[in-house]
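Notes follow once the structure below has been shown.
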Amino acid sequence: MPITLKELAEFCNAQVVGGDTSATITSAADIKSAQTGQVTQLTNSRYAQYINNSPASACFIAEDFKVENVPESMALLVCADPEMSFIKALDLLHPEKVYTPQIAPQAVLESNVILGDQVYIGPYAVIGENSNIGDGTVILAGAYIGKQVKIGKDCKIYPYAVIYDDVVLGDNVIIHSGAIIGADGFGYKFRNYVHVKVPQVGNVVINDNVEIGANTCVDRGALGSTVIGAGSKIDNLVQIGHNNKVGKNVIMCGLTGVSGSCTIEDYAILAGNSGVADHVTIGQGAVVMARSGVAGNVKAGAQVFGSPAKDKKTAYREQIALSKLPELLKKVKMLEEKIQALEEKN
């Protein structure tokens, strides 16, 4: 949606320095690729070099951020929090698609489905019997919603997401394509040389304002619920095992795997490709760094790294020591040769 620079600044509570306030802003882009008519942001000094020759019409920048050689054609949008102001600009310039409420004729709704007001059901979506869909929710083409599912208000279920029976979603939940919510947990008992399946009869409960990435799996509880707390954000290709309790505002990055019956407390961060063994507690605000393997509990606020994961400072020292090992071995070999030569003389 095109807007003048002056209007954009007012909308984002920013002060215009330089440039042409009547210039039209049509879209947003990153600092490396932004062109005339676009707005960008500069929040890291490592990228300051790109502003010198940038043709962008405007750039969000913090009040205390110093930058030199700004092009005359570029306006600086000075504000207290340029990242949040830029997000507001993105929402304004690139609004999400609005779906006119309807039920596509190709959609399949089984018996006793309850739909709220202003709901959109796309072509070939399937909604199982006794399910309840809240006001303003959008279910896109080909999504599958099982039986006795409860979905809150203003949710968005992307194409080909699968939500198994008995799952409960709060308000403003986003489930991306290919995600599977409520599949059986991985539970077996080994008897008489055979793996006997343990029935998985629980469900999944996802609270308000959660986003689940594409091709992520959240398994149902064996007994009871697998729970994802309000405001948590789960990246693509994440595996969350049965009976996990994930707190509020947790971040799980891509390729993370969490075994069954774990507790991930509020505000914890699991970075990319991290793994967590079963029955482990990750404390509030703890950070599991990328490619770490967690075998035991992590204290609140701790930052751990490595496999098995340990305090990051200890892990870094070990990594540095390992990097010196080849040189150390050379010195040991040299000392051995000297000792051997002395022994031969005697």
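For the pair Thr314/Glu63, report the inter-label distance in nm, with labels modelled 7 Å from Cα in the Cβ direction.
Going from the Thr314 label point to the Glu63 one covers 4.4 nm.
Consider a paramagnetic label point 7 Å from the Cα of Ala290 along Cα→Cβ; state which residues of region 303-346 have an amide N under 20 Å from it.
303-320, 323
Have a look at Val162, Val198, Val288 and tell me which one the Gaussian network model of the chain (Cα, springs below 10 Å) gives the largest fluctuation.
Answer for the Gaussian network model of the chain: Val198.
Return Asp166, Asp154 ranked ascending by Cβ neighbour count within 10 Å, so the fewest neighbours appear first.
Asp154, Asp166
Could you give the DSSP H helices of the chain that reach 15 angstrom or more along their long axis (alpha carbon positions) and whose average Kyte-Doolittle hydropathy is no lower than 0.5?
The qualifying helices are 82-93.
What is the total of Lys pairs in region 179-256 with C-alpha atoms under 26 Å apart, excluding same-chain pairs fewer than 8 positions apart?
For region 179-256, the number of qualifying lysine pairs is 5.
Note down the magnitude of the dipole of the chain about its Cα centre, charges +1 on Lys and Arg C-beta and -1 on Asp and Glu C-beta and zero elsewhere, to the nearest 20 debye.
Charge dipole, the chain, about its Cα centre: 1420 debye, nearest 20.
What residues qualify as long-range amide H neighbours of Gly293, i.e. H under 5 Å apart, gap of 5 or more or another chain, H built at 1.01 Å from N?
Gly275, Gly306, Ser307, Ala309
If you stretched the chain out fully between Thr4 and Ser307, how much longer would it get, using 0.36 nm times the residue separation minus the C-alpha to C-alpha distance?
103.8 nm
Taking the Cα centre of region 3-93 as the origin and placing charges on Cβ (Lys, Arg +1; Asp, Glu -1), which of Ala23, Gln49, Leu5 is farthest toward the positive end of the dipole?
So the residue furthest toward the plus end is Gln49.
Where does the longest stretch of the chain lie that holds no GluC sites (Glu not before Pro) found in a DSSP loop with 10 or fewer other Cβ atoms within 10 Å?
97-346
In the set [x] 18.7; [y] 22.1; [z] 28.8, which value of mean projected area of the Cα convex hull in nm² was calculated from the structure you see?
The listed entry that was calculated here is [z].
Hey, which lysines would be in cross-link range of Lys333, C-alpha to C-alpha under 16 Å, not counting anything within fewer than 8 residues on its own chain?
Reachable lysines: Lys324.
By how many nm would the segment from Asp30 to Lys197 lengthen if fully extended, with 0.36 nm per residue of separation less the alpha-carbon distance?
55.1 nm
On a straight-distance basis, which lysines could pair with Lys32 in a cross-link, Cα separation under 25 angstrom, same-chain partners fewer than 8 positions away excluded?
Lys6, Lys66, Lys88
Only the coordinates and a few stated rules stand behind these numbers; no lab work does. Source: prediction; values computed, not measured. Counting neighbours? That spans all protein chains shown, and the Cβs are built from the backbone with ideal geometry, glycine included.
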